[in-house]
Every structure is written in C-alpha cells, then in structure tokens.
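These notes concern the structure reproduced below.
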Amino acid sequence: MISRFFWCGLVTGMVSGALGAGYTHFYQSALHVDFGSISSPQSLISACIIAGMLIALARYFIGRRLKGRREALFLLPLLFLSCCSIAVPLLADLPLHFTSPELFPAMMAPVHLLPALVWMVVYPIFNPFAVKGSGGR
C-alpha cells in the first residue's frame, strides 16, 4: 500500500520538477532575466521531489486515520498550504544587483502550485478507485 503512495509521490515530484524547471527557463529567457543564482533548476527539481514525497506521506497517513471523505479532507488543506507557500517568494529579499527583482515572485509563484496540481492528476492513475461514480448514469 505504501509503495503505491511512494511511487505516486516520486512521479509527482519528478513531473512537477520538470514542469517547474521548464517554466522558469522559458520565463527567464522570455523576459531576459537571470535568477539562476537564487533558484537553480537542480534545487527546484529536488524541492519538488521532496514536496511530492511529503504529499504522498501525508496522504498515506490521512488515509489510515480517516474514513469517508478523506479525499476532500486531504485535498483542501493541500491546496490551502500550496497557496500559502506562495508567500515565500513574495517575502524573499533579493540582492540589489539583480535587474527587475519584481519579476522573481511572478516566476516562482506558479511553481509552488505545481506539486499539488500534478498530485491531483497523477493520484487517480495510481489509484483507479479514487474516482468513484464514473459509470455514466
């Protein structure tokens, strides 16, 4: 049982890390800014993998403790915490030598939502019983 959550968390982390690294690369190249010394692709991918594993661990323990509406009791706090984590890049103090430091929060805010979004897509693939009532009537 826990291996399913482990693999789901690992896939979530890798996919969200790849999406986040791609997004930040295109964002920086389109706006001609370089925040590579603050947020490298390697640190972004590793942070997304850690986030995916934490999401999987939290889902495993919530599933063991709660019955009934455990998906809603898990996804609502997950979305809330993901939205609250956007405050981290908003409150970051950047060095003065960067051109256009106001673009950094706009680059990192969507990346904070990616692990939760990818989990919501990947989890039903690993757990086909997570989506009930798909019979059509």
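May I ask you to order 96-104, 80-88 by the average number of other C-beta atoms within 10 Å around their residues, highest value first? Mind dumping the intermediate values first?
Working: 96-104: 12.0, 80-88: 13.8.
Packing proxy ranking, top to bottom: 80-88, 96-104.
Normalising the average separation of contacting C-alpha pairs (under 8 angstrom, six or more residues apart) by the number of residues puts the relative contact order of the range 14-128 at 37 percent. When every alpha-carbon pair in the chain is counted, what percent end up more than 22 Å apart? Across the chain, Cα pairs with separations above 22 Å total 43 percent. The label-point distance for His97 and Arg65, in a model that sets each label 7 Å from Cα toward Cβ, rounds to 4.6 nm. Angle of helix 41-65 to the longest C-alpha principal axis of the chain, folded into 0 to 90 degrees and rounded to 10: 20°.
Probe radius 1.4 Å, ligands and nucleic acids ignored: give me the carbon and sulfur share of the accessible area of the range 13-137 as a rounded percent.
Details: 5580 of 7990 Å².
It is 70 percent, rounded to a whole number.
Taking the solvent-accessible surface of protein heavy atoms with a 1.4 Å probe, what is the per residue accessible area of the chain in Å²?
Values: 8670 Å² over 137 residues.
In whole numbers, the chain has 63 Å² accessible per residue.
The values are calculated or read from the model by the stated rules, or taken from the named source; none is laboratory data. Since this is a predicted model, take the numbers as computed values, not measurements. All Cβ positions, even for glycine, are placed from backbone atoms using ideal geometry, and neighbour counts span all protein chains on display. Surface areas here come from the heavy atoms of the whole protein model, side chains and all, with no ligands, DNA or RNA. Shrake-Rupley method; radii C 1.70, N 1.55, O 1.52, S 1.80 Å.
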